[in-house]
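I have placed the structure first, in the form of structure tokens, so that the comments after it can refer back to it.
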Amino acid sequence: MSDKVAIFIPTFGRPHRAAELVEDIRVSTTASYRIYFIVEQHDPETIEAVSRLEAETIINPGPPTYASCINSAYSQTKEPYFFTGADDVHFHQGWLTAALGCMSDPRIGIVGTVDPLHDSRDHSTHSLVRRTYIEEQSGCLDRPNTVLYPYWHGWVDHELLGIAKARAAYHYCEDSLVEHHHPGWDWFGRVESGDEKFDATYAKGNSKHREDTRVFLQRCVRWIDSLPDNSAANAGLKKFVRRNKGLRGKVRYGLKEIRAAMRSGAA
């Protein structure tokens, strides 16, 4: 088995980012790694861009979602560790060496990285994963040998991390910095559509956000109460679930939609 770390980069419609990411990883990373871009068959520009780089291409065989890309890459690779990356991140010097250092404890299956632009400490949108953790315990309680539950886009990281935290298999690495250059979030937790970074790829992720939220609220009841009360991220997630589950949550969400529509009309 290779001693390299697989760095998974799902990407769509952003061919210009491929070379930038490969260079970003090269200058910031001293640990051994291999980059895999997970692309869609109907995105020939990105496929062509990746073919010119020191990176591998994986064609996503499933639906065009982040979860499908990560799960497909996991099933087609063999490295003992892999990183759930994206095409809108920036890696800080030594990020991977620091994260790997936290894997010295064999009980740890997920190592979270710090996003300096994100104010919710202890939550990681992009994480290092031990392959045997997924093989033996899975990232989902009801799907063996699976990294991410197949949400359309939202909540994939919350479920992966939440289950690992409930199992005491998660470590937040304060010395591993990976910036997520993201437009931010709107009133409903969707990607902010008014930001200059917003594009068709973010819009695709937004398209089924309400459905993703409904599914997450149903699924998380199996582990949410087992989250340790040791961070603002955990406390915030528990509060969100309490306020939004059940009939009361549906009513609150509907009222939020009405208010948002009124604000939009006033604008």
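Considering only region 1-15, state which residues are out of contact with any Phe, Trp or Tyr (no Cβ under 8 Å at 6 or more places or on another chain) and either modelled with pLDDT under 95 or among the aliphatic types (A, V, I, L, M) (or both).
Scanning region 1-15 gives Met1, Ser2, Asp3, Phe12, Gly13, Arg14.
Being assigned to a helix (DSSP H, G or I), aliphatic (A, V, I, L, M) and crowded, with 19+ Cβ neighbours inside 10 Å: is that true of Ala18 here?
Taking the combined requirement at face value, the residue satisfies it.
If I filter region 94-115 down to residues being of a type in the set (A, V, I, L, M) and either out of contact with any His (no Cβ under 7 Å at 6 or more places or on another chain) or modelled with pLDDT under 95 (or both), which single residue comes out as surrounded by the fewest Cβ atoms within 10 Å (Cβ to Cβ)?
Checked region 94-115; the qualifying residue surrounded by the fewest Cβ atoms within 10 Å (Cβ to Cβ) is Leu100.
Please state which of the following conditions Glu48 fails to meet, knowing it meets all the rest: (1) acidic (Asp, Glu); (2) over 26 Å from Leu177 (Cβ atoms); (3) part of a loop (DSSP other than H, G, I, E, B).
(3)
Quick check on region 121-149: of everything there that is part of a loop (DSSP other than H, G, I, E, B) and small (Gly, Ala, Ser), which residue is farthest from the chain's Cα centre (by Cα)?
Result: Ser138.
I'd like to know if region 208-225 contains one or more residues that are assigned to a loop (DSSP other than H, G, I, E, B), modelled with pLDDT under 90 and farther than 11 Å from Lys165 by Cα.
Checking region 208-225: at least one residue is assigned to a loop (DSSP other than H, G, I, E, B), modelled with pLDDT under 90 and farther than 11 Å from Lys165 by Cα.
Answer with yes or no whether Ile25 is among the aliphatic types (A, V, I, L, M), surrounded by 20 or more Cβ atoms within 10 Å (Cβ to Cβ) and in a helix (DSSP H, G or I).
Here the answer is yes, as Ile25 does meet what is asked.
Quick one: would you say Phe91 is more than 18 Å from Thr125 (Cβ to Cβ), crowded, with 21+ Cβ neighbours inside 10 Å and at pLDDT 95 or above?
So Phe91 does not fit the description; no.
(1) of a type in the set (Gly, Ala, Ser); (2) in a loop (DSSP other than H, G, I, E, B); (3) more than 18 Å from Trp152 (Cα to Cα); (4) touching an Asp or Glu at 6+ places or on another chain (Cβ under 9 Å): which one isn't true of Ala31, the others all being true?
(4)
Would you pick out the residues in region 175-205 that are over 25 Å from Leu128 (Cα atoms) and either at pLDDT below 60 or surrounded by 12 or more Cβ atoms within 10 Å (Cβ to Cβ) (or both)?
If the condition is that a residue be over 25 Å from Leu128 (Cα atoms) and either at pLDDT below 60 or surrounded by 12 or more Cβ atoms within 10 Å (Cβ to Cβ) (or both), then Asp186, Trp187, Phe188, Glu192, Ser193, Gly194, Asp195, Lys197, Phe198, Asp199, Ala203, Lys204 are the ones that fit.
Which number in (1) under 16 Å from Phe82 (Cα atoms); (2) buried (at least 22 other Cβ atoms within 10 Å of the Cβ) marks the one condition that Trp155 misses?
Only one criterion in (1) under 16 Å from Phe82 (Cα atoms); (2) buried (at least 22 other Cβ atoms within 10 Å of the Cβ) is unmet by Trp155, namely (1).
Could you please give the count of residues in region 49-81 that are over 21 Å from the mean Cα position of the chain (by Cα), surrounded by 13 or more Cβ atoms within 10 Å (Cβ to Cβ) and not aliphatic (A, V, I, L, M)?
Of the residues in that region, 0 qualify.
The values are calculated or read from the model by the stated rules, or taken from the named source; none is laboratory data. All values derive from a computational prediction rather than experimental measurement. FYI the Cβ positions are ideal-geometry reconstructions off the backbone, even for glycines, and counts take in every protein chain you see.
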